[in-house]
Amino acid sequence: MENKLEKGLTFNRKIKAEKEFNLKDFFLQWEWLLLLIFIAIHIMNSQLSPYYLNTYTLLDATMTFLDKAFIALSMTFVIIFGDIDISVGSTVALSSVIMAVLYNAGLSMPLAIIVCLLVGITAGFINGILIVKFKELSAVIVTLSTMILYRGIAYIILEDQAAGGFPMWFNFLGWGYIKNLIPVILIAFSVAAVIFYLLLHKTTFGRKIYAIGNNDIASLFSGVKVDKIKLIVFTLNGFMAALAALFLTSKMGSTRPNIASGYELDVIAMVVLGGVSTSGGKGRMIGVLLSIFIIGYLRYGLGLVNVPSQVILIIIGALLIISVLVSNLLYGNKSE
Amino acid sequence: MSDQYILELKNITKKFPGVKALDNVNFQLKAGEIHALMGENGAGKSTFIKVITGVHQPNEGEIYLNGEKIEINDPNDSKALGIAAIYQHATSYPHLSVTENIFMGHEKIDSRTKRIMWGDMHQAAAKHLQELGADFDPRRRMSTLSVAQQQIVEIAKAISTKAEIIIMDEPTASLTKTESEDLYIITEKLQKIGTSIIFISHRFEDMYRLADRVTVLRDSKYIGTWGVNEVSNKDLIKAMVGREINQLFPKTEKEIGKEIMRVENLSRKGYFKDISFALNEGEILAVTGLVGAGRTELCESLFGIKEYDSGIIYFENKEVEIKEVEDAMNLGIGYLPEDRQEQGLILDWELDKNISLSALDKISNRGWIDRKKEKNMAKRLAEKVNVKARSIFNLASQLSGGNQQKIVVAKLLTSDLKVIILDEPTKGVDVGAKSAIFEIMSDLAAQGYAIIMVSSEMPEVLGMGDRILVMRNGEITAEMDVEEADQEKILEAAMKAEK
C-alpha cells in the first residue's frame with residue numbers, strides 16, 4: 001500500500017528484487033566446511049573404534065554433550081549482539097543446588113523443578129538489567145561478576161557437599177529413552193533447536209537481534225526497543241542454563257556447588273566454531289548446531305579410545321583457532 | 001606564491017571492481033597556494049585524496065613531486081614525502097593527551113637514555129598550538145576538546161612532521177561560523193609559512209574566502225581548474241552539477257494549516273530547558289543556533305530516543321507522552337538523523353532489510369516475517385526514492401553517500417507521517433543533492449506535512465523556514481517569522497553573551 005507521502009515521488013527506476021543464485025557464494029558458506037569436519041570426525045571415529053558406527057552408539061553419544069548444548073542455542077543470540085555471558089556455568093550450579101536443597105527440605109520435585117527454572121530466569125534477568133542500565137559496564141564485566149557471585153551463593157547454600165536422592169522419574173530426563181532407542185534429551189534438544197532456529201531466522205525478534213548486533217544506534221533510531229530485547233535475551237539465556245541444569249543434574253544423579261564449572265567456555269566454543277562472530281551481527285543457527293555435534297562427537301570418539309581428556313582439550317582448542325582464522329580470512333566481510 | 005608546481009598528478013585513473021572511481025584526472029598544486037577541490041558527493045574527491053596519501057594506488061597515471069616522478073605505495077610513503085591529511089572527523093587517539101597525539105610516531109627521545117622527553121614535547125606542542133592561535137593546555141586529553149580544537153591539534157601534528165603539503169578534507173563541515181573563521185586564519189597562517197594546501201569543501205564561502213584556485217571533479221572526471229576570481233558562482237555550480245540550478249531554495253506558495261503539535265515547557269536536565277513552541281500543518285519550522293545549543297537533543301526527545309524530564313506535548317490537540325521511539329512513530333513523527341551512516345543505516349545489511357527495519361510490523365504476521373512482502377516493499381520504496389542500485393540485495397555500504405541518504409529517506413516513507421524532523425539534512429551534501437532535498441521539503445510542506453528542520457546554515461534557515469526558532473544553551477532565545485528575520489537578528493540570539 002502506498003501512503004500519501006510516497007505518492008508525490010515518481011522516478012522510473014527499476015531495481016531487481018529477485019535474488020540471483022550464485023554457485024560460488026552458495027558453496028563458500030561456512031556451514032559446508034563444518035559439514036565436512038562433521039563427516040571427517042565420524043570417519044575418524046569409526047576408524048578408531050569398531051563399535052562406533054552404529055545407530056545405538058551414535059544416539060547414545062548425544063547424552064554426553066547435549067545438556068550444555070541447550071545453552072549454546074541462547075548464547076548464540078547473546079553473541080550475535082556482540083556481547084557475551086560467562087555466568088551460565090554458575091547459573092547452572094546455582095539453580096541445580098537450590099533445586100536439590102529444596103527437594104531435600106521437603107518440597108515436591110515438580111515444584112523444585114519450577115523453582116530451578118525461576119532461579120535461572122532471575123539470574124539471567126539480573127545480568128540483563130545490569131547490562132542494560134549501566135551502559136558503561138560491558139557484558140564481560142557484568143557476567144564475570146555474577147559468575148563469581150552465583151557460584152559463591154551456591155557454595156554458601158550447600159558448602160562443599162553433594163545433594164541428591166531425587167525420585168526415580170527424574171533420572172528419565174538424563175537417561176531415558178523413547179521407544180528404547182531415542183534419548184529423551186535428544187528429543188528435547190531437537191524441539192528447542194527448531195524453536196530457536198525459527199526465532200532467529202523467521203521472526204521479527206530474530207531480525208532485531210541481528211540489527212542490534214550490527215548497529216544498536218541505528219536500531220534505536222529505527223524504533224527497535226534495544227534495551228527490552230537485550231533484557232529478554234539475557235533472561236532467556238539464564239532460563240536455558242536452568243534447563244541445562246535439569247538435564248545435567250538428572251544425568252549426574254546428584255549435584256555439588258562445583259557442578260558445570262568451565263561450562264561457559266564449552267558453550268562459547270560451540271557458538272564460535274559455529275561461525276558466530278564475537279564482534280556481533282553475524283552467524284547462523286545451522287552452523288551452531290553442526291558445531292555442537294562436531295565438538296560432542298569429537299570428544300565422545302576420542303574418549304572411546306581412551307585419549308586423555310587434556311589431549312582432547314588441546315585438539316578442540318586447535319580446531320577453534322583454525323576455524324576462527326579460516327573464517328576471518330574467507331568470510332571477513334560477509335554478513336550473516 | 002611561485003608558479004612552480006610542487007605536486008602534479010597526470011592522467012590518474014583508478015578502477016575498482018565494476019567502477020572507474022577516477023578517470024584520467026589531472027591536478028596541479030602550486031607551491032604555497034590554497035587550492036580548493038570541489039565536486040558533488042561521489043565525484044571522486046575522496047578517492048583522489050586517497051591516491052595522494054597512498055591509501056590507493058592508481059591503475060594509470062603519474063605523480064610528480066617538485067618535478068620528480070614518484071610513487072606513493074602506502075600512507076607512510078606520503079608521510080615521508082611531507083604530505084599530511086586532516087579529515088573532517090579527526091582520526092586521533094581520544095584517550096591520549098594533545099602532546100601525545102601531536103607527536104605520535106615521532107616522539108622526542110633522549111638519544112642516550114632512550115627515555116621520552118615529556119618536558120620538551122609538551123613545550124614544543126604548546127609552541128605549535130600557540131603558532132596556530134590556540135591556547136589550550138597540551139596536557140589535556142584529546143576527547144575533552146571540541147571538534148574545532150581537535151582539528152587544530154591535527155594541524156599542529158602536520159606542522160610538527162614538517163609537512164609541506166596539507167590536505168584538508170571538509171574541515172569546516174562540523175564547525176560553527178566563528179570556529180570556521182578561526183580555521184580560515186590558521187589556514188592562511190600555514191600558507192604564509194610556505195605550506196601548500198588542498199582544501200576540500202562543499203561551502204562556497206570557504207572557497208571564496210581562502211582559495212587561490214579551484215579544481216572541479218564530476219562523475220570521476222576532471223572538469224577544469226580556474227582562478228577563484230575568474231569564475232562565477234553560477235558557472236562553478238554548472239561545472240559541478242553538469243546542469244544549471246535556477247533556484248536553490250524552491251519555496252512554493254502554500255497554506256499553513258491548523259496546529260498539529262504543541263510543546264510546552266519541555267525540559268531535559270543538562271540539555272534543554274522550558275522549550276515551548278507550536279507546529280502547524282504545512283509549516284517548515286527551522287531550528288537554528290550554534291552547535292551544542294541543544295537542538296539535536298531536543299529533536300531526539302521529540303522522537304523518543306532520550307526521554308524528557310518534564311513538560312507536556314500535545315499532538316492533534318491531545319496530550320501525549322513520547323517515552324520511546326515507538327510512541328513517536330505511532331503518532332506519525334519521522335526523524336532523519338544527522339549522522340546517516342551511524343544512526344540511519346546498518347551498512348553491512350542489504351537494502352531490503354535496511355528499509356524494512358523501521359516497519360517490521362508491516363511486513364510480518366504475528367511476528368513472523370513475510371519475506372515476499374518485505375522484498376516488495378523494499379523494491380517499491382527504493383524505486384520511489386530513485387536509489388542508484390542494481391538490486392535490493394546490494395549492501396548499503398556499497399552505495400555512495402547520497403544514495404545511502406536516499407535509503408534513510410525510504411525508511412521514513414514506510415510509515416504514514418504527519419511530522420517530519422530533519423536534523424541537518426544537507427550536512428555533507430553536495431549542491432545538486434541539496435536543491436533536490438529542498439525541493440522535496442517544499443513539496444511535502446505544500447502537501448500539508450509539518451516539518452522541523454534543524455540547521456546551522458544561515459542561508460537555508462532563511463531560505464526554507466517559515467518560522468525560525470533560535471536556541472542557545474538549551475533555551476529558545478528568539479522566535480520569529482521568516483519575513484522579520486535576518487542574519488544579524490539570528491546571530492545575535494544565537495550568541496547573546498552570557499550574564
Q. What residue among A:SER250, A:SER87, A:SER309 has the largest mean-square fluctuation in a Gaussian network model of chain A, using Cα springs under 10 Å?
A. A:SER309
Q: Give the peptides A:99-107, A:117-125 in descending order of average Cβ contacts within 10 Å, highest first.
A: A:117-125, A:99-107
Q. Quick one: if you take sqrt(5λ) for each eigenvalue of the C-alpha gyration tensor of chain B, what semi-axes come out, biggest first, whole angstrom?
A. 41, 28, 23
Q) Of A:MET240, A:MET270, A:MET63, which has the largest mean-square fluctuation in a 10 Å C-alpha GNM of chain A? A) A:MET63
Q) What is the Cα radius of gyration of region B:198-259 over 2.2 N^0.38 Å, N being its residue count? A) 1.52
Q) Dividing the convex hull volume of the alpha carbon atoms of chain A by its residue count, what do you get in Å³ per residue? A) 182 Å³
Q) Just the Cα atoms of region A:194-237: what Rg and Dmax do they give in Å? A) 10.3, 31
Q.
Using only the alpha-carbon atoms, how far is helix B:371-384 inclined from the longest principal axis of chain B? Give it as 0 to 90 degrees, nearest 10.
A. 70 degrees
**Q.** Ellipticity estimate at 222 nm from DSSP helix runs (n ≥ 4, -39,500 (n - 2.57)) divided over chain B, nearest 500
**A.** -9500 deg cm²/dmol
Q: For region B:345-499, go through all pairs of different Cα atoms, get the mean of 1/r, take its inverse, and jot down that Kirkwood value in Å.
A: 17.6 Å
Q: Mind jotting down the three principal axis lengths of region B:348-414 based on Cα atoms? Whole angstrom, largest first.
A: 35, 19, 16
Q. Can you give the Rg to Rh ratio of region A:143-222, both from alpha-carbon atoms, with Rh computed by the Kirkwood formula?
A. 1.18
Q. Under 16 Å Cα-Cα from B:LYS427, which lysines qualify once same-chain neighbours fewer than 8 residues away are excluded?
A. B:LYS177, B:LYS406
Q: Please report, in whole Å, how far the alpha carbons of the protein assembly as shown spread along each principal axis, starting with the longest.
A: 94, 74, 56
Q | Residue exposure sequence - A:SER95, B:SER400 - by fewest surrounding Cβ within 10 Å | A | B:SER400, A:SER95
Q: Can you spot the lysines whose alpha carbon is less than 22 Å from B:LYS162's alpha carbon? Ignore those fewer than 8 places along the same chain.
A: B:LYS30, B:LYS50, B:LYS69, B:LYS79, B:LYS108, B:LYS127, B:LYS189, B:LYS192
Q: Report, by chain and number, residues whose modeled amide H sits under 5 Å from the one on B:HIS56, excluding near sequence neighbours (fewer than 5 apart, same chain).
A: B:VAL51
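Taking all pairs of different Cα atoms in region B:1-159, averaging 1/r and flipping that mean, what Kirkwood radius in angstroms comes out?
Computed over Cα pairs of region B:1-159, the Kirkwood hydrodynamic radius comes out at 17.7 Å.
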Q: Give, as a single signed number, the net charge of other residues whose beta carbon lies under 9 Å from the beta carbon of B:HIS56, with Lys and Arg counted +1 and Asp and Glu -1.
A: +2
Q | Cα point-scatterer Debye curve for region A:49-193, base-10 log of I(q)/I(0) at q = 0.09, 0.10, 0.19, 0.20 Å⁻¹ | A | -0.36, -0.44, -1.20, -1.25
(Q) Helix-only mean residue ellipticity at 222 nm, chain A, DSSP H runs n ≥ 4 weighted -39,500 (n - 2.57), per residue, nearest 500. What is it? (A) -24000 deg cm²/dmol
Q: Grab the alpha carbons of region B:191-325, take their convex hull, and tell me the volume per residue in Å³.
A: 190 Å³
Q: Determine how many Å³ per residue the convex hull of the Cα atoms of region B:97-247 encloses.
A: 137 Å³
Q) If you rank B:CYS299, A:CYS116 by fewest surrounding Cβ atoms within 10 Å, what's the result? A) B:CYS299, A:CYS116
Q. Taking the Cα atoms only, what angle lies between the long axis of helix A:309-331 and the longest principal axis of chain A, rounded to 10 degrees?
A. 0 degrees
Q: Could you tell me what % of all Cα pairs in region B:430-499 have separations over 16 Å?
A: 51 percent
Q: Please report, largest first and rounded to whole Å, the three semi-axes of the ellipsoid equivalent to region B:73-167, where each semi-axis is the square root of five times an eigenvalue of the C-alpha gyration tensor.
A: 19, 19, 12
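Count the net charge of all other residues whose Cβ sits under 11 Å from the Cβ of B:ASN394, scoring Lys and Arg as +1 and Asp and Glu as -1.
Combined, the nearby Lys, Arg, Asp and Glu give +1.
Every number in this text was worked out from the coordinates using simple rules, so none of it is lab data. Worth saying up front: this structure is predicted, and the values here are computed from it rather than measured. Note that each Cβ is placed from the backbone with ideal geometry, even for glycine, and that neighbours are counted across all protein chains shown.
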